[in-house]
Amino acid sequence: MAMRRLIIAVIFLLGGLAAPFPAHAEPGDEAVDFVNKFGARAIEALTAPNLTDQELVSRFRTLFEDGFDVAYIARSSLGRFWPRASEQERSEFVPLFEDYVVQIYAIQFREYSGEKFDARSARALPGGGFAVLSDVVRPDGPTTKMEWSVYPVDGKQKIRDIKIEGVSMITTYRDQFANTILQSNGALTGLMDALKQKTAQLAAEASG
């Protein structure tokens, strides 16, 4: 259920509609503006007519790399297992994590059906970031509160986490991955093998 909600969250972000800014600038306005503009760019790219699944995956990957701090999310998703990983395991895990996330979310974007996304305000986070607060309004359901953690990374705004009604994307991945690692006697290779298998399965379905 948590993973399903996270998939829907990314769909809402990438299909978001910009909310107007007030006339005066506030400290978090740049982060709010980033979320809104990124959403507008994504909806144009990912809802183009007659996209094949492979084209959708390719476009989603470009947007994911540009809008999200992939290395940070991958590292954080391993939690206490990241410091224990070897340099080789770390260098292999980050692109594998990206492949996994892209394959999961890209095709799900076809489920976007015009939900309204309203980025309302932002509050400061430790380390120079901002939590962008938003509501997602469904035509046939309740409003969902979401929070996007946005940080400056190498001179660009990047999303580092998404919270849906307080549930963190990173925490969800961390719990899921920790369970898989522990079932593999604490070996990171067990998780990596599972991600490779799932990613290959999704890629085959997309190309088929």
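The values are calculated or read from the model by the stated rules, or taken from the named source; none is laboratory data. Since we're looking at a predicted model, the values are computed, not measured. Note that we place each Cβ from the backbone using ideal geometry, even for glycine, and neighbour counts take in every protein chain shown.
Scanning segment 160-187 for residues that are assigned to a loop (DSSP other than H, G, I, E, B) and either surrounded by 15 or more Cβ atoms within 10 Å (Cβ to Cβ) or touching a helix residue (DSSP H, G or I) at 6+ places or on another chain (Cβ under 9 Å) (or both) turns up GLU165, SER184, GLY186, ALA187. Residues that are over 29 Å from TRP82 (Cβ atoms), out of contact with any Gly (no Cβ under 9 Å at 6 or more places or on another chain) and surrounded by fewer than 16 Cβ atoms within 10 Å (Cβ to Cβ) within segment 134-159 comprise ASP135, VAL137, ARG138, ASP140, GLY141, PRO142, THR143, listed in sequence order. Of the residues making up segment 188-208, those that are hydrophobic (A, V, I, L, M, F, W, C) and either modelled with pLDDT under 95 or surrounded by fewer than 12 Cβ atoms within 10 Å (Cβ to Cβ) (or both) number 5. In segment 36-75, the qualifying residues are those that are farther than 25 Å from GLN201 by Cβ and of a type in the set (Ser, Thr, Tyr), and the one that is surrounded by the most Cβ atoms within 10 Å (Cβ to Cβ) is TYR72.
If you go through segment 76-93 and keep only what is under 19 Å from GLN197 (Cα atoms) and surrounded by fewer than 16 Cβ atoms within 10 Å (Cβ to Cβ), you end up with just SER91.
Quick grid of which residues meet (1) farther than 20 Å from ASN179 by Cβ; (2) modelled with pLDDT under 95; (3) of a type outside the set (A, V, I, L, M, F, W, C):
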residue	(1), (2), (3)
SER77	no, no, yes
TRP82	no, no, no
GLU92	yes, no, yes
ARG110	yes, yes, yes
ALA119	yes, yes, no
LYS145	yes, yes, yes
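Scanning segment 36-57 for residues that are touching a helix residue (DSSP H, G or I) at 6+ places or on another chain (Cβ under 7 Å) and either modelled with pLDDT of 85 or more or polar (S, T, N, Q) (or both) returns ASP53, GLN54, LEU56, VAL57. Check whether at least one residue in segment 140-159 is more than 29 Å from GLN54 (Cα to Cα), part of a loop (DSSP other than H, G, I, E, B) and polar (S, T, N, Q), and report yes or no. Checked segment 140-159: at least one residue is more than 29 Å from GLN54 (Cα to Cα), part of a loop (DSSP other than H, G, I, E, B) and polar (S, T, N, Q). Of all residues in segment 77-89, those satisfying the criterion of being outside any loop (DSSP other than H, G, I, E, B) and closer than 22 Å to SER168 by Cβ are SER77, GLY79, ARG80, PHE81. State whether one or more residues within segment 58-72 are farther than 28 Å from LEU182 by Cβ, at pLDDT 90 or above and among the hydroxyl-bearing types (Ser, Thr, Tyr). Among the residues of segment 58-72, at least one is farther than 28 Å from LEU182 by Cβ, at pLDDT 90 or above and among the hydroxyl-bearing types (Ser, Thr, Tyr), which makes the answer yes.
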